[in-house]
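Visitor: Just passing along the structure, written as structure tokens.
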Amino acid sequence: MSSKHVLDGYRILDISQYLAGPAATNLMAQMGAEVLKVEFGPHGEPVRSFPYCKDGRSAYFIQQNRGKKSLCLDPKSPEGLDMIKSLIKQCDVFIENFAPGVIGRLGLGWDVVRELNPNIIMCSISAFGQDGPLAAYPGFDYIAQAYAGVTDLIGEKDRAPSLPMLAFGDIGTGVHAMTAIGYALLDRERNNAGGQFVDVSLLDTYFHHHEVSVQGYSASGGKLVPRRNGGHHYAVGPTGIFKSKDGHLMILALLHQWPVLCRAMGREDLIGDPRFVDNDVRMENHAEMVEIMEGWLQTLESDELALAIMEKGRIPCAPILTVQEAMAHPHLVERRTVRTINDRILGEFQIPGMPLRFSKYEVDEDVQAPLLGEHNEEILTEYLGYSPERVRDCENRKILFSKAV
């Protein structure tokens, strides 16, 4: 029998919630892994009530949990905890994202997990990591972002910092976690190395995204000071948002592309101009450079023409699309970067598509996000040998929970 995708045959026990952990297992589910999502009763995953909701069904939950199986239980009951431990013995990966110490107090720390299954990969995702002075503190995406020196770089230079309106940290941490898990599995298979523990944090992930600021500040001895700079990069240019005829355009004409942009603007005289001859002096004369570029853009009859001129010269540029415009863009639609799904309760709507593409495999689109506890009986009978009657008894005793939404 041929594999349905690269992770076909791997079983993931996922007791994570909110976003970073579910984002990791979302990708793994789309790559063919069987993901058993353990939710804590009676209400289950907290984001089941996140907007947008209709008839009690959350589109937020659906986006991150399609293709997973839901087992909803009371982890503090002896039998509920035993269910988790028994499933750990039959899984390849165990992933959680509670604050450090919580999983241990629940009775599922790495010391216990590796005794139950020496071959399992356990991944703990947290805001600050499993050790260090901040480890015990609770945190979400924006909290780690603030500690990482990232929030301070966002916004206008003479105003308070701003927030990005998307989850760079949570999704990025999920991707980092999935990568680490994948290579731990590779190590297990290739080197017969057994299982291991993986520690992934939002703070580490965010700090990892600094491409200029950390090395620039350190190597320059503090001469290059990272700072927020509104719509323009503080260290390289021209790189940023420029006022155009119809609105604003994103333009990055770095290094060798500056002369090409000068020719496109009909200003070859700027190529050898001492104010703009290299990146350092362009940044010293940044305001003049921006004024010249915006002056040119506003002489053109449309932004469409400006983009055509720059694209002809292979100058990186783009219109600044709204979310709605991006969702309707032919390129995103053709590549299924934006994907239309049909949920059995919420109906048809769009979500971000699968960003990882493989030549041998297609993503299974015919999947649904689970109802709360939808797979209680399937999981417990198939893997733990429970009878349907025993499952019903556990539900009656409030060890298991389910809900038709």
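Visitor: List every residue whose amide H lies under 5 Å from the amide H of G195, counting only residues 5 or more places away in sequence or on a different chain, with H placed 1.01 Å from N in the peptide plane.
Guide: Under 5 Å from the amide H of G195 lie the amide H atoms of N119, I120, each far enough along the sequence or on another chain.
Visitor: Counting other Cβ atoms within 10 Å, keep those with at most 13, restrict to DSSP loop, and tell me which trypsin sites (Lys or Arg not before Pro) in the range 237-326 are left.
Guide: Values: sites: K243, K245, R263, R267, R275, R282, K312, R314; in loops: K245, R267, R275, R314.
Hits after loop and neighbour filter: R275, R314.
Visitor: Convert each backbone phi in the range 381-393 into a coupling constant with the Karplus relation 6.51 cos²θ - 1.76 cosθ + 1.60 (shift: θ = phi - 60°), then list the ³J(HN,Hα) values in order as whole Hz, x for Gly and Pro.
Guide: 6, 6, 9, 10, x, 5, 8, x, 5, 5, 4, 4, 5
Visitor: On to the next question. To the nearest 0.05, how large is the calculated FRET efficiency for N342 and I271 if R₀ is 45 Å and r is the Cβ-Cβ distance? Each step should come with its number before you reach the end.
Guide: Working: r = 55 Å, r/R0 = 1.22.
Efficiency, from the Cβ-Cβ distance: 0.25.
Visitor: Next up: Using alpha carbons only, how many angstrom separate the centre of the range 31-103 from the centre of the range 331-372?
Guide: 21 Å
Visitor: If one puts a single equal scatterer on every Cα of the chain and applies the Debye formula without solvent, what log₁₀ I(q)/I(0) results at q = 0.07, 0.10, 0.14 Å⁻¹?
Guide: Log10 of I(q)/I(0), two decimals: -0.44, -0.81, -1.26.
Visitor: Any idea what Rg and Dmax come out to for the range 69-139 if you just take the C-alpha atoms, in Å?
Guide: Final numbers for Rg and Dmax: 12.6, 37 Å.
Visitor: Here's another thing I want to ask about it. Calculate one ³J(HN,Hα) per residue across the range 68-78 by plugging θ = phi - 60° into the Karplus curve 6.51 cos²θ - 1.76 cosθ + 1.60, and present them in order as whole Hz with x for glycine and proline.
Guide: With coefficients 6.51, -1.76 and 1.60, one gets 9, 10, 9, 10, 10, 8, 9, x, 8, 7, x Hz.
Visitor: 7 Å from Cα along Cα→Cβ at both S359 and K4: what's the point-to-point distance in nm?
Guide: Distance between the two pseudo-spin positions: 2.5 nm.
Visitor: May I ask you to order 35-41, 82-88, 219-225 by the average number of other C-beta atoms within 10 Å around their residues, highest value first? Don't skip to the end; give the middle numbers.
Guide: Working: 35-41: 23.3, 82-88: 19.0, 219-225: 10.3.
Packing proxy ranking, top to bottom: 35-41, 82-88, 219-225.
Visitor: For D366 and Q298, calculate 0.36 nm times their separation in residues minus their Cα-Cα distance, and state this gained length in nm to one decimal. Could the numbers behind the result be given before it?
Guide: Values: separation 68, 0.36 × 68 = 24.48 nm, distance 4.82 nm.
Between D366 and Q298, full extension yields 19.7 nm more.
Visitor: Which shape class, rounded, prolate or oblate, goes with the range 278-405 when its Cα gyration tensor gives a ≥ b ≥ c as root eigenvalues, a/c under 1.5 marks rounded, and past that a/b bigger than b/c marks prolate?
Guide: Working: a/c = 3.62, a/b = 3.19, b/c = 1.14.
Taking the square roots of the gyration eigenvalues as a ≥ b ≥ c, the range 278-405 is prolate.
Visitor: What ranking, highest mean first, results for peptides 165-174, 98-107, 64-73, 151-160 when packing means the other Cβ atoms within 10 Å averaged over each residue? It would help to have the intermediate numbers written out before the result.
Guide: Values: 165-174: 20.1, 98-107: 16.0, 64-73: 24.9, 151-160: 12.8.
Highest mean packing first, the order is 64-73, 165-174, 98-107, 151-160.
Visitor: Can you tell me the accessible area per residue over the range 272-405, all protein chains present, probe 1.4 angstrom, in square angstrom?
Guide: Working: 8170 Å² over 134 residues.
I get 61 Å² per residue for the range 272-405.
Visitor: Sticking with this one: Work out, step by step, the length gained on full extension between K312 and R392: first 0.36 nm times the residue separation, then minus their alpha carbon distance; give nm to one decimal. It would help to have the intermediate numbers written out before the result.
Guide: Details: separation 80, 0.36 × 80 = 28.80 nm, distance 6.71 nm.
Result for the pair: 22.1 nm of gain on full extension.
Visitor: Shifting gears a bit: With r as the distance between the Cβ atoms of H256 and I320 and R0 = 30 Å, compute the FRET efficiency 1/(1 + (r/R0)^6) and round to 0.05. Write down the numbers at each step before the final one.
Guide: Details: r = 25 Å, r/R0 = 0.82.
Computed FRET efficiency for I320 and H256 comes out at 0.75.
Visitor: Also, I was wondering about something else. Rolling a 1.4 Å sphere over the protein heavy atoms, what is the accessible area per residue of the range 178-264, to the nearest Å²?
Guide: In whole numbers, the range 178-264 has 52 Å² accessible per residue.
Visitor: Just check the range 148-255 against the gyration tensor rule for me: Cα atoms, a ≥ b ≥ c as the square roots of the eigenvalues, rounded for a/c under 1.5, and otherwise prolate or oblate depending on whether a/b exceeds b/c. If you can, show how the numbers build up before the last one.
Guide: Working: a/c = 2.49, a/b = 2.10, b/c = 1.19.
Prolate, because a/c is 1.5 or more and a/b exceeds b/c.
Visitor: Checking the a/c ratio against 1.5 first, then a/b against b/c, what shape does the Cα gyration tensor give for the range 1-99?
Guide: Values: a/c = 2.03, a/b = 1.10, b/c = 1.85.
Because a/c hits 1.5 or more and a/b fails to exceed b/c, the range 1-99 counts as oblate.
Visitor: How high is the FRET efficiency from E189 to Y217, r the C-beta distance, R0 45 Å, rounded to 0.05? Don't jump to the answer; show the numbers that get you there.
Guide: Working: r = 41 Å, r/R0 = 0.91.
About 0.65, to the nearest 0.05.
Visitor: Also, I was wondering about something else. Stretched out fully, how many nm does the piece from S162 to V102 gain, at 0.36 nm a residue minus the Cα gap? Write out the running numbers ahead of the final one.
Guide: Working: separation 60, 0.36 × 60 = 21.60 nm, distance 3.17 nm.
Result for the pair: 18.4 nm of gain on full extension.
Visitor: I would also like to ask the following. Can you pull the one-decimal nm distance between simple spin-label points at V112 and D204, each 7 Å off the Cα toward Cβ?
Guide: Here the modelled spin labels are 2.3 nm apart.
Visitor: A further question on this structure: Just the number, please: carbon plus sulfur as a percent of the accessible area of the chain, 1.4 Å probe, no ligands or DNA/RNA counted.
Guide: Details: 11220 of 20770 Å².
Roughly 54 percent, rounded to a whole number.
Visitor: While we're here: Please list, in order along the range 338-347, the HN-Hα scalar couplings obtained from phi with the Karplus expression 6.51 cos²θ - 1.76 cosθ + 1.60 (θ = phi - 60°), rounded to whole Hz, x for Gly and Pro.
Guide: With the stated coefficients, the range 338-347 comes to 9, 10, 9, 10, 10, 8, 5, 10, 7, x Hz.
The values are calculated or read from the model by the stated rules, or taken from the named source; none is laboratory data. Being a predicted model, the structure only gives us computed values, none of them experimental. Please note: Cβ atoms are built from the backbone with ideal geometry, for glycine as well, and neighbour counts cover all protein chains shown. Keep in mind that these areas ignore ligands, DNA and RNA; they rest on the heavy atoms of the full protein, side chains included. Shrake-Rupley method; radii C 1.70, N 1.55, O 1.52, S 1.80 Å.
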